[in-house]
1. Quick check, is Ala14 surrounded by 14 or more Cβ atoms within 10 Å (Cβ to Cβ) and within 24 Å of Ile120 (Cα to Cα)?
2. Sort out for me the helices (runs of 4 or more DSSP H) sitting completely within segment 1-76 that have 3 or more residues that are modelled with pLDDT of 95 or more and in contact with a helix residue (DSSP H, G or I) (Cβ under 6 Å, 6 or more places away or on another chain).
3. Quick one: in segment 88-128, which of the residues that are hydroxyl-bearing (Ser, Thr, Tyr) and assigned to a helix (DSSP H, G or I) is farthest from Thr2 (Cα to Cα)?
4. Of the residues that make up segment 115-124, is at least one under 23 Å from Leu10 (Cα atoms) and open to solvent by less than 60 Å² (accessible area, probe 1.4 Å)?
5. Within the set of pairs 6+ apart or on separate chains, which have a first residue in segment 82-104 that is under 16 Å from Cys18 (Cβ atoms), a second that is open to solvent by 80 Å² or more (accessible area, probe 1.4 Å) and at pLDDT 95 or above, and C-beta atoms under 8 Å apart?
6. Starting from segment 58-78, take each residue that is farther than 12 Å from Ser118 by Cα and free of Cβ contacts under 8 Å to residues at least 40 places away in the same chain and list its partners that are open to solvent by 60 Å² or more (accessible area, probe 1.4 Å) and charged (D, E, K, R), counting only C-beta distances under 9 angstrom and pairs at least six apart or across chains.
7. Of all residues in segment 38-57 being among the polar types (S, T, N, Q) and open to solvent by 40 Å² or more (accessible area, probe 1.4 Å), which is nearest to Trp23 (Cα to Cα)?
8. Within the set of pairs 6+ apart or on separate chains, which have a first residue in segment 26-46 that is over 22 Å from Asp61 (Cβ atoms), a second that is in a helix (DSSP H, G or I) and of a type in the set (D, E, K, R), and C-beta atoms under 7 Å apart?
Amino acid sequence: TTAGLATILLALFACCGCVAVVWFLVADFAIRAAGLGRHSPVTLLSRALVSLSGAKPRMVDAGPIRFATRVGFAMVLVLLIVTLAGLPRFAFVLALFIMLPTGLAAAFDFCLACWLYSLIARIRTGSK
């Protein structure tokens, strides 16, 4: 749900170019990347939507999610810098690029950064 909300916000930026959306995403990702997800507006809304839907929250390993959140933070920070630099076409393309992993997570429950985290861990330990 969190990835779905991030995807929606990125799509909103891509459609409208509203810099406030990117500022919000940077702040929200920063909160989550700092390990304070319980204070993140997107996480709070996500939890509320899951609760309203009656679905059970899904428990996941925190390590890969923390890595994914930090990668996401870096990506939206670059998006903000590009946007503030006055490069709207590049910002548009970058927003679409960032929507790829968030969209995959939202639609198919596939976390690309989590997969990379596992791959890096396997390479570092030498396991298959």
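1. Taking the combined requirement at face value, the residue does not satisfy it.
2. In segment 1-76, the matching helices (runs of 4 or more DSSP H) lie at 2-16, 19-33.
3. Filtering segment 88-128 for residues that are hydroxyl-bearing (Ser, Thr, Tyr) and assigned to a helix (DSSP H, G or I), the one farthest from Thr2 (Cα to Cα) comes out as Thr125.
4. No, segment 115-124 has no match at all.
5. Between residues of segment 82-104 that are under 16 Å from Cys18 (Cβ atoms) and residues that are open to solvent by 80 Å² or more (accessible area, probe 1.4 Å) and at pLDDT 95 or above, the close pairs are Val82/Phe90.
6. Correct list of pairs: Arg58/Asp109.
7. Checked segment 38-57; the qualifying residue nearest to Trp23 (Cα to Cα) is Ser51.
8. Matching pairs, first to second residue: Pro41/Asp28.
The values are calculated or read from the model by the stated rules, or taken from the named source; none is laboratory data. All of these numbers come straight from a predicted model, not from anything done at the bench. So basically every Cβ, Gly included, is an ideal-geometry build from the backbone, and we count neighbours across all protein chains shown. Side chains included, ligands, DNA and RNA excluded: accessible areas come from the protein's heavy atoms. Shrake-Rupley method; radii C 1.70, N 1.55, O 1.52, S 1.80 Å.
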